[in-house]
1. Need a quick list: helices (runs of 4 or more DSSP H) entirely within region 1-89 having at least 2 residues that are modelled with pLDDT under 85 and surrounded by fewer than 17 Cβ atoms within 10 Å (Cβ to Cβ).
2. Could you tell me which numbered condition residue 139 fails, if it satisfies all but one of (1) within 27 Å of the chain's Cα centre (by Cα); (2) outside any loop (DSSP other than H, G, I, E, B); (3) loosely packed, with under 13 Cβ neighbours inside 10 Å; (4) at pLDDT below 85?
3. One residue is enough: does region 156-166 have a residue meeting the conditions surrounded by 13 or more Cβ atoms within 10 Å (Cβ to Cβ), assigned to a helix (DSSP H, G or I) and at pLDDT below 90?
4. Search region 150-167 for residues that are under 15 Å from residue 28 (Cα atoms) and pair each with any residue that is modelled with pLDDT under 80 and exposed (fewer than 14 other Cβ atoms within 10 Å of the Cβ) when their beta-carbon atoms are under 8 Å apart and the residues are at least 6 apart or on different chains.
């Protein structure tokens, strides 16, 4: 699931970033995007706890599986996604099925069902947790992005002896 939002009013930052080497620009953008994704991630985890935490079947797997991470295969300069972490294969793990018989699970706890909860199925209505988090925290994330990027630009300029005029 990918969400994106536009940041307006940052033309000065954009002009400054175009003067930097591409590697420095990417590092600054990644850091700022990771910082901006954090409030959305925390809200999504809170939505999962609030929506599903009272169920007797709640295990916390989905909440633990929500992470933010870089997406390097993209046409954009930098991109950060909030995604579901798939467990690494560590061998087979035995758990109990609904009938009490042992079941071999190749990956352990897996929140593969997150997409079914978010978008629904033909037999189940959608119970979104990520889209409401994005809607609720877009303003906070935008402000945090601008603040983090500004701090990173100031620090880089100070280290490299460049005159920086905050806007």
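The values are calculated or read from the model by the stated rules, or taken from the named source; none is laboratory data. Just so it is clear, the structure is predicted and the values come from calculations on it, not from any experiment. For neighbour counting, all protein chains shown are included, and Cβ atoms are generated from backbone atoms with ideal geometry for every residue, glycine included.
1. In region 1-89, 11-19, 22-52 are the helices (runs of 4 or more DSSP H) which contain 2 or more residues that are modelled with pLDDT under 85 and surrounded by fewer than 17 Cβ atoms within 10 Å (Cβ to Cβ).
2. Result: residue 139 fails condition (4) only.
3. yes
4. Qualifying pairs under 8 Å: 150/166; 154/166; 156/162; 157/163.
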